[in-house]
Amino acid sequence: MALEISKVELHVKENNKEHRTDDVTVKRLMVRRGQNFKITLKTNRQFQPDTDTLIFTAETGPKPSEEKGTRCVFGYPKLTGAKKAWTALVQESGRSSMTLAISSPADASVGSYNLYMREGSHTTPQSITNMVLLFKPLVHRYALPETHKHKQAHMSYGSSEAHM
């Protein structure tokens, strides 16, 4: 029996809270690049990774292109060698549902994305959502140490004085 997906739950409130975008909206999926968000698929039977394949397509812009990194086809199990590969990993699987963690690359183009999905044996993808992918704010561990900040500020200040 072919795997059929009857419903897709986007967990918008939970995902947006996790991505710190819930103060903007809880009605539309708005996530940050490089950070997982979850979706749950309601199915007619348990997902079988040996025989079932889920294929997703994420597209942004007027002319999405894999070459330009504005279109990516990815799936579970992994099936892409795309330049800017998105990923889908199973978090939970039951008799009639499965929860996936989906993630874009940290350097994916930001903007409004259409996300499509199809089960491997079906040729027509179904639209899951139109979502927004945002920059991820600078994480503290990537910030410059205080001594470097001071040196940079001093060098900038010194060089601007020299040009006055």
Picking from VAL110, VAL90, the residue that is closer than 14 Å to ILE39 by Cα and surrounded by fewer than 19 Cβ atoms within 10 Å (Cβ to Cβ) would be VAL90
Open item on the list: Quick check on VAL8: is it of a type in the set (Val, Ile, Thr) and free of Cβ contacts under 8 Å to residues at least 24 places away in the same chain?
Closed with: no
The residue from THR99, THR51 that alone is assigned to a strand (DSSP E or B) and not hydrophobic (A, V, I, L, M, F, W, C) is THR99
Of the residues in segment 1-46 that are part of a loop (DSSP other than H, G, I, E, B) and touching a helix residue (DSSP H, G or I) at 6+ places or on another chain (Cβ under 6 Å), the one that is nearest to GLN126 (Cα to Cα) is LEU29
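Each reported figure results from applying straightforward, stated rules to the coordinates on display, with no laboratory input. This one's a predicted model, so the numbers in the text were calculated from it and none came from an experiment. We place every Cβ from the backbone using ideal geometry, glycine too, and count neighbours over all the protein chains shown.
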